[in-house]
Structures are given as C-alpha cells and as structure tokens.
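The values are calculated or read from the model by the stated rules, or taken from the named source; none is laboratory data. Here the structure is a predicted model, which is why all the values come from computation and not from measurement. Glycine also receives a Cβ, built like all others from the backbone with ideal geometry; neighbour counts cover every protein chain displayed. Quick note on the areas: whole protein, heavy atoms, side chains included, nothing else; ligands and nucleic acids left out. Shrake-Rupley method; radii C 1.70, N 1.55, O 1.52, S 1.80 Å.
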Amino acid sequence: MQCNGSSHMSEVWAIIIGGCLLLIVYGIVSANRSAKRQREAREKMLPYLEETIATDRRHHLFMSDGRRFMDVRILGTTDPKLGQSPLGDWGLMLVILLDSGKKAFIRPSSVRCIEEA
C-alpha cells in the first residue's frame with residue numbers, strides 16, 4: 001500500500017514558500033515607497049541642497065571635545081582600508097592642512113561643525 005500524500009505535501013510547501021517570498025518582496029517594496037514618501041515630505045519642508053565641502057576653500061572645524069581648528073584647508077579623506085597601523089585600525093580619517101604646513105588626521109565622527117572661513 002502506497003501513500004500519495006507526499007505529492008500534496010510538496011504542493012503545500014511550495015505554496016507556503018511562495019507566500020513567504022511574496023511577503024518579503026511586498027515588505028521591501030513597501031519600505032522603499034515609504035522611505036521615498038518621507039524623503040519627499042522632508043524636501044517640501046526644507047529643500048535638499050546639492051552642496052558638499054569644497055577643498056579649495058578654508059574652513060573652521062569645531063570638534064566634539066571643544067578643540068577648534070581655525071582657518072584650515074580640508075584636503076580630503078583617507079582610504080579606510082589603508083588605516084591599518086601598529087597603533088590599531090584608524091579607518092576613515094579626515095585630512096586637514098594646518099597653517100604650519102603639517103597635516104592633521106581627524107575622525108569625521110568627532111567633528112561637530114564645519115564652517116566656511
């Protein structure tokens with residue numbers, strides 16, 4: 001005597017898995033649409049500016065620990081992959097040129113405000 005219930009079980013499992021995949025796709029699409037609506041609502045209140053830090057200008061940097069780097073030039077950032085050193089992993093660093101001609105490397109997370117000079 002043979003049981004034919006296994007063929008029905010495979011169909012049930014296929015429906016369950018298909019339903020789960022459909023819910024996942026729906027969740028992703030719904031989250032993307034929600035994020036787009038939120039971004040559009042924010043842009044209506046305050047417009048999005050296509051600006052960034054200009055490396056050809058001088059800046060004042062205000063740090064989270066109270067230090068200030070006044071009238072410095074921001075050169076750019078380091079490659080986080082190259083931040084490996086005997087002192088530890090430094091990751092991404094902001095590189096500035098001081099008045100003395102020396103470079104300073106700052107963690108971007110420690111900068112509270114950047115003001116054009």
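How charged is the neighbourhood of residue 65? Take every other residue with its Cβ under 13 Å from the Cβ of residue 65, and add Lys/Arg as +1 and Asp/Glu as -1. Residues close to residue 65 contribute a combined charge of +4.
How many percent of the accessible area of the chain is carbon or sulfur, using a 1.4 Å probe? Walk me through the numbers before you get to the answer.
Working: 5810 of 9830 Å².
After summing per-atom areas, the C and S share lands at 59 percent.
Using a simple spin-label model with pseudo-atoms 7 Å out from Cα toward Cβ, residue 11 and residue 50 lie 5.7 nm apart. Peptides 100-112, 61-73, 45-57, 9-21, ordered by how many other C-beta atoms sit within 10 Å of their residues on average, highest first, read 61-73, 100-112, 9-21, 45-57.
Per residue, the accessible area of the stretch 16-73 comes to 88 Å², computed with a 1.4 Å probe over protein heavy atoms only. Against the chain, whose longest principal axis is taken from its Cα atoms, helix 5-45 shows a tilt of about 30°. Only one residue of 69, 45, 30 has its Cα farthest out toward the positive end of the dipole of the stretch 14-117, where Lys and Arg carry +1 and Asp and Glu -1 on Cβ, and that residue is 30. Between residue 33 and residue 60, what is the FRET efficiency for a Förster distance of 41 Å, r being their Cβ-Cβ separation, to the nearest 0.05? In this case the efficiency is close to 0.50.
With the biggest extent put first, the Cα atoms of the stretch 10-84 measure 70, 42, 25 Å across the principal axes.
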